[in-house]
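Shown next, in C-alpha cells, is the structure this report addresses.
Readers should treat all values here as calculations from the given coordinates under stated rules, not as data from a laboratory. As the structure is a computational prediction, the values presented were derived from the model and not from experiment. A quick note on method: Cβ atoms are made from the backbone with ideal geometry, for glycine too, and the neighbour counts reach across all protein chains shown.
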Amino acid sequence: MSVVAEHLPRWEEDVEYPDSDGEPMSDNTLQFRWIVTVEGNLEGLFRHRDDVFVAGDLLWYPVKGDPSIRRAPDAMVVFGRPKGYRGSYIQHREEGIAPQVVFEILSPKNTRTEMEAKLRWYEQYGVEEYYV
C-alpha cells in the first residue's frame, strides 16, 4: 500500500484515477513542439517558486470519487502546490486546489465548438485563465 493510500478512507482507496487516457499527447510534430515549449517556458518562469506546480499533458481529476470527469490540458499552472512528480493531478489530494491557468494548443482537427466546450468545462471546475 502506498504512503498516500494509508491515510485515505477505505472507499477512497477503491477509486482508481488512471494516469493515462490512452490519447496521444499531440496530433502532429508542430503541436507537440508548442506544447513542450509552453510547458518548458512556464517551468522556467516559475523555477524559483517552490509553491508553483507546472505540468504538460497531465490528467486532472477535479471531482472526488468520479474519475470519469477529467481533462488533460496541454499545459497547466497550479499556484499553492509544491513541485514534484505526479502520475495525475487529483484535485482533492491537492488541498482542493484547481489549476488556475491552462493552455490548449490547437491542432488542425480542433473546432471552435470544441474549444468553447473546453472553456466552459475549465470554468466549471475553477480555472481562472484559459489560453488557446
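The residue that is nearest to Thr37 (Cα to Cα), counting only those in the range 85-106 that are touching a Ser or Thr at 6+ places or on another chain (Cβ under 9 Å) and surrounded by 15 or more Cβ atoms within 10 Å (Cβ to Cβ), is Ile105. Gly84 meets the conditions (1) small (Gly, Ala, Ser); (2) out of contact with any Phe, Trp or Tyr (no Cβ under 8 Å at 6 or more places or on another chain); (3) in contact (Cβ under 8 Å) with a residue 24 or more places away in the chain in every case but one. The failed one is (2). Inspect the range 107-114 for any residue being under 13 Å from the mean Cα position of the chain (by Cα) and touching a residue at least 24 places away in the same chain (Cβ under 8 Å) and give the result as yes or no. Checked the range 107-114: no residue is under 13 Å from the mean Cα position of the chain (by Cα) and touching a residue at least 24 places away in the same chain (Cβ under 8 Å). Phe103 meets all of the listed conditions (1) among the hydrophobic types (A, V, I, L, M, F, W, C); (2) under 29 Å from Val15 (Cα atoms); (3) out of contact with any helix residue (DSSP H, G or I) (no Cβ under 7 Å at 6 or more places or on another chain) but one, namely (3). Answer yes or no as to whether Tyr130 is more than 22 Å from Val15 (Cβ to Cβ) and surrounded by 13 or more Cβ atoms within 10 Å (Cβ to Cβ). Judged against the criteria, Tyr130 is a match. Being crowded, with 20+ Cβ neighbours inside 10 Å and either in contact with a Gly (Cβ under 9 Å, 6 or more places away or on another chain) or over 21 Å from Asn28 (Cβ atoms) (or both), is that true of even one residue in the range 112-122? Looking through the range 112-122, at least one residue is crowded, with 20+ Cβ neighbours inside 10 Å and either in contact with a Gly (Cβ under 9 Å, 6 or more places away or on another chain) or over 21 Å from Asn28 (Cβ atoms) (or both). The residues listed here are Val78, Val36; of these, the one that is without any contact (Cβ under 8 Å) to a residue 40 or more places away in the chain, in contact with a strand residue (DSSP E or B) (Cβ under 7 Å, 6 or more places away or on another chain) and surrounded by 11 or more Cβ atoms within 10 Å (Cβ to Cβ) is Val78.
Looking across the range 39-67 at every residue that is acidic (Asp, Glu) and either touching a helix residue (DSSP H, G or I) at 6+ places or on another chain (Cβ under 8 Å) or more than 14 Å from Ile90 (Cα to Cα) (or both), the one that is surrounded by the most Cβ atoms within 10 Å (Cβ to Cβ) is identified as Glu39.
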